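Undergrad: Structure incoming, see below.
The values are calculated or read from the model by the stated rules, or taken from the named source; none is laboratory data. On a predicted model such as this, the values are computed, not experimentally measured, just so you know. No Cβ is skipped: glycine too gets one built from the backbone with ideal geometry, and neighbour counts run over all protein chains shown. When the accessible area is computed, the model is the full protein with side chains, heavy atoms only, and any ligands, DNA or RNA have been set aside. Shrake-Rupley method; radii C 1.70, N 1.55, O 1.52, S 1.80 Å.
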Amino acid sequence: MDSNSKLRQDLSIPVMPEIENVSEGSGLDIPRLLLVFRKSWLFLLILLILPLVGSYLYLRWTKDVFESSAVLKMNVKTDAGDIGLDLMGNGMTKSIMNLSGEIEILNSEYIREAVIKRVGLDVSFYTQGNVLNDEKYGNSPFLLRFDDRKTDVLYDCPIYFSAIDQKTFNCGLASQKEWGADEQVYQFGDTVSIAGFSFVVEKTNKLTEEFFDEEFFCLVHSPETLRNYFKENLLVEILNLNANTIKVSFKDHNRFKARDIVNAVNEVYLQKTIEAKQEVQEQMIAFINGQLDTASRKLFDAEMRLENFVRREGTVSPTGDLPKVQEEIASVEKEKEELRAYIHLLDDLQDFVQSGKAIEQSIPVVSGVENHQLTEEIGRLNELYKEMVKLEATTASKSLLSYQKKQAEIEVLQKSVLGYIEKDRILSTQQLAILSLKRKELDKMLQGLPSKETELTRIKRLYDLYEKYYLMLIEKRVEFGIQKAGTVPEFVTLATASLPKASIYPIRNIVYGIGLLLGMIFSVLFVVVRYFLQDTVLTQKDLERMTSAPVLGAIPKYVKEELDVSRLVVNKNPKSALSEAIRSLRTNIDFMAPKKKDRLISVTSTISGEGKTFVAINLAGVKAMSSLKVVLLDLDMRKPKVHMAFQAPNLKGMSTYLIGQHSLDECIQGTPLDNFDFIPAGPTPPNPSELILRPEFDELLERLFERYDLVVVDTPPVGLVTDGLLVMKRADVPIYVVRSGYSKRNVARNINNLLRSKRYQNLSVVLNSVDAMQGYGAYGKYGYGYGYGYYEEDAKAVPFYAKLFR
């Protein structure tokens, strides 16, 4: 049990509960939600703008996709047999079958190959941009010709071109350009051979001086690439089954190219349909005429042979490949070894510091340390070791204050050195992990039709039945004519492919709408998260709802200047809102207790940094400005601050007076105000609580009551030590300071516990550092330079994300 707990029990003071996670009230707190919204407006604006900026960048660096389409009407004629099918309800099925057959023809390979040759899709020229490449469709200054039957083609491999003038040009592979290899100079019309690929480059009428020295590259597309290109972008579908219409559409990044391909598909389909029809007609007519000629000359021997259809095969797998690059593993391993050695060195150094070895043993360890601050700290530690050795040699007892002080300094410095070592170890471990990931990332291929026959037909040779056979041939010719007029699909172009005016993807309004929607969602989530993570007291209404103690008032933030420590400011700015708020606080105190009974006012808080010293100094100053003689006592003897407010020495004060070292007159110091004096805390004693329990403290108060009208006491935070509770029992008006946006909401639990103990019924609360958004107009922030560190705790930096949600 520590001394503070023992004092609490001896004095029957209720032990302050640990700060818990208290949820004061339930349901939605609309005022707090609106306050969070007002304080977050800048972040909300940023969260709204960022997705819109992302949408703009997405639209800026995404190629537009255009779609061009044409509508074809298929004229399907039916014979007498099909009329019966229509009456039986199967005509719709027949139409679907006919249209599906035409769709398959439009998607067939032989239509695609004819379109590629007609439009010239096997070779594409591009200009290279920073992010996107621009295809020079129909506007290329170069023309590339090659014969794939005589040369090995570099499929899908970029070949770079750059015109020097109207006669010569540079040419080279992309890989050569990346490696910085010199490009070859050629004449237009010459045969160029690169990596076994021979081709001829010709200039077009588009080549002007503005294209000189501009870099172009071309791609020779493989059949597989073109097949996938058509498969992904060509769409043939039934538009209206009853009207027998088909829609042919094509998507591409170039609107002119999409239009030309759709028109080329229609033209090739028309041409192929006419050729097929003419071929059938010619075959039938040739056969019948041949039979008729043969029958007129020879009756017994007539036959005709059918011709073979030419089959074409053209599937060639791509042979081009792009090389892959590998690099740097040895250097990564070297860096990893150096980091491991450094971590081992830190481990040795930690063992040395923890063991407290002699100074001579530290030199080889420190020589490998790269952190200059760590080296300096170790040097200081070694100096302290030397001084400790000297002190042990000259001091008989280790209980002397000088020996204990030196030992404490060594322990503090050891903690500091160990902290530096731990930070370096964490940093080195993180760097080692990054290098390991980089090592794994330094180690990474693809892939590869039908036949037709002919039949021979024999016809009976009938010489004796010449007339009858001749008439039969005439009948057959009529039959073939009827069949020719039967089911023969034909089409009419109802709507030719037009130039697309707008892209179908991305749709700008939708992209911006999604960006705005995401921004709104992020903004709402931000407000909700910040609302639920807001666990500090913000407004006076919050404080009044959470505690039953009377709230004397709220003090706004001070922004006249940046204060490194708490100072007296009411005399410098008597008309400011802060001074007016403190005067209102003085008036409320007068209402709470008669003037004859408010001789002693104590000011405390839960933890450090809540502004109790600032409130005590300026409250005493306002009281003094109202013609009262006021003295301010600094009882925060562990971390005194009052003397800093007046830039006064702290050599004499409460600690030295209570032990009888100095007199009261020697301890009292003046301030810029005539009626305002203060007594500093004095040198920090080892037992502040015991000093306050001495009779000398009560005698001091009696003497001060004789000289002054009011005694204001700045006490330590009651959430850390018991000193404040001891003084609050004696105070006529004990004041509990809560800082807006800093004090946790569960501070109300501590205040309510004090009230329930029935020892502090006159306890009142002051809300300090209220933001301008919370009701005090356009006042900014103020900083007192709070530097509390009870029991020598280290000050920890508040991370940025914590400030966002504070």
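Undergrad: Order these peptides, 225-231, 62-68, 616-622, by their mean beta-carbon neighbour count within 10 angstrom, highest first.
TA: 616-622, 62-68, 225-231
Undergrad: Pull out a ≥ b ≥ c, the square roots of the eigenvalues of the alpha-carbon gyration tensor of region 698-755, then state rounded if a/c is under 1.5, prolate if not and a/b is larger than b/c, and oblate in the remaining case.
TA: Because a/c hits 1.5 or more and a/b exceeds b/c, region 698-755 counts as prolate.
Undergrad: Considering only protein heavy atoms and a 1.4 Å probe, what is the carbon-and-sulfur percentage of the accessible area of region 528-591?
TA: The value for region 528-591 is 54 percent carbon and sulfur by accessible area.
Undergrad: Assuming a ≥ b ≥ c are the square roots of the Cα gyration tensor eigenvalues, decide whether region 586-725 counts as rounded (a/c under 1.5), prolate (otherwise, with a/b larger than b/c) or oblate.
TA: rounded
Undergrad: Please tell me which of these pairs span more than 23 angstrom C-alpha to C-alpha: K251/K277; K560/K652; K136/K501; K39/K575; K63/K231?
TA: K251/K277; K560/K652; K39/K575
Undergrad: Order of 264-273, 524-533 by packing, highest average Cβ count within 10 Å first?
TA: 264-273, 524-533
Undergrad: Rank by packing, highest mean first: peptides 191-198, 731-738, 636-643, 212-219, with packing defined as the count of other Cβ atoms within 10 Å averaged across residues.
TA: Listed from highest to lowest mean packing, they are 731-738, 636-643, 212-219, 191-198.
Undergrad: Additional query: Taking all pairs of distinct Cα atoms, average 1/r, flip it, and tell me the Kirkwood hydrodynamic radius of region 154-279 in Å to one decimal place.
TA: 18.1
Undergrad: Additional query: When the Karplus curve 6.51 cos²θ - 1.76 cosθ + 1.60 is applied with θ = phi - 60°, which whole-Hz ³J(HN,Hα) does each residue of region 634-641 get, with x for Gly and Pro?
TA: The phi angles translate into 9, 8, 7, 6, 7, 9, x, 10 Hz.
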